[in-house]
Amino acid sequence: MKNHISNTATLIFSLLSGLIFGIGLILAGMANPAKVLAFLDVAGLWDPSLGLVMAGAIGVALIAFAIAKRRNLSYLGLSIQLPSNRIIDKRLVLGSMAFGVGWGLAGICPGPAFVLLGTGSGKSIIFVIAMIAGMGLYELFESSGKPGHKNK
């Protein structure tokens, strides 16, 4: 019975976290491609307001990671798995560049894409399809030539 309660609590907390995150993206303007593109247009009509949103998010994340580093279990009793890789390599740099180019062209990144998807925006539908196709291509290239790699 305890496991069932834990699973239910985890699902409820996950749903509430996602809803709060989505509402935050909408209120902050991160789900508005025009606002994002205005933030990225530093040579034109630059709108720096999303920089304040990002600074606030970094502040919250710093506190959350500091707390998580001192714990083995989350408040729901689940194991905490923090990133351990600290190496900046070619894959990371190229992936970051691809993300930045996509963000600059579309004004959408993955989190807000799903928020926009809920609005039925044609641009978000195309973006999410392209994002899923890109993830599939990554898996295809990553698994090719690696013996013992099993697709999930």
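The values are calculated or read from the model by the stated rules, or taken from the named source; none is laboratory data. Because the structure is predicted, anything quoted here is derived from the model rather than measured. Methodologically, a virtual Cβ is constructed for each residue, glycine included, from the backbone with ideal geometry; neighbour enumeration extends over all protein chains shown.
Count, please, the residues in the range 77-115 that happen to be of a type in the set (A, V, I, L, M, F, W, C), within 16 Å of the chain's Cα centre (by Cα) and in a loop (DSSP other than H, G, I, E, B).
3
Can you name the residue in the range 65-76 that is part of a loop (DSSP other than H, G, I, E, B) and either among the polar types (S, T, N, Q) or at pLDDT 90 or above (or both) and, of all such residues, is nearest to the chain's Cα centre (by Cα)?
Looking at residues that are part of a loop (DSSP other than H, G, I, E, B) and either among the polar types (S, T, N, Q) or at pLDDT 90 or above (or both), I get 74.
Only one of these is within 30 Å of residue 134 (Cα to Cα) and of a type in the set (A, V, I, L, M): 63, 87. Name it.
87
Each row is one residue, and each column tells you yes or no for (1) assigned to a helix (DSSP H, G or I); (2) in contact (Cβ under 8 Å) with a residue 12 or more places away in the chain.
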{"site": "17", "(1), (2)": "yes, no"}
{"site": "42", "(1), (2)": "no, no"}
{"site": "50", "(1), (2)": "yes, yes"}
{"site": "61", "(1), (2)": "yes, no"}
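Among the residues of the range 47-64, count how many are among the hydrophobic types (A, V, I, L, M, F, W, C) and surrounded by 12 or more Cβ atoms within 10 Å (Cβ to Cβ).
The number of residues fulfilling the criteria is 4.
Matching residues to (1) under 17 Å from residue 108 (Cβ atoms); (2) basic (Lys, Arg):
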position: 9; (1), (2): no, no
position: 19; (1), (2): no, no
position: 31; (1), (2): yes, no
position: 36; (1), (2): yes, no
position: 53; (1), (2): yes, no
position: 60; (1), (2): no, no
position: 66; (1), (2): no, no
position: 70; (1), (2): no, yes
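State yes or no: is residue 104 more than 25 Å from residue 24 (Cβ to Cβ), in contact (Cβ under 8 Å) with a residue 24 or more places away in the chain and not hydroxyl-bearing (Ser, Thr, Tyr)?
no
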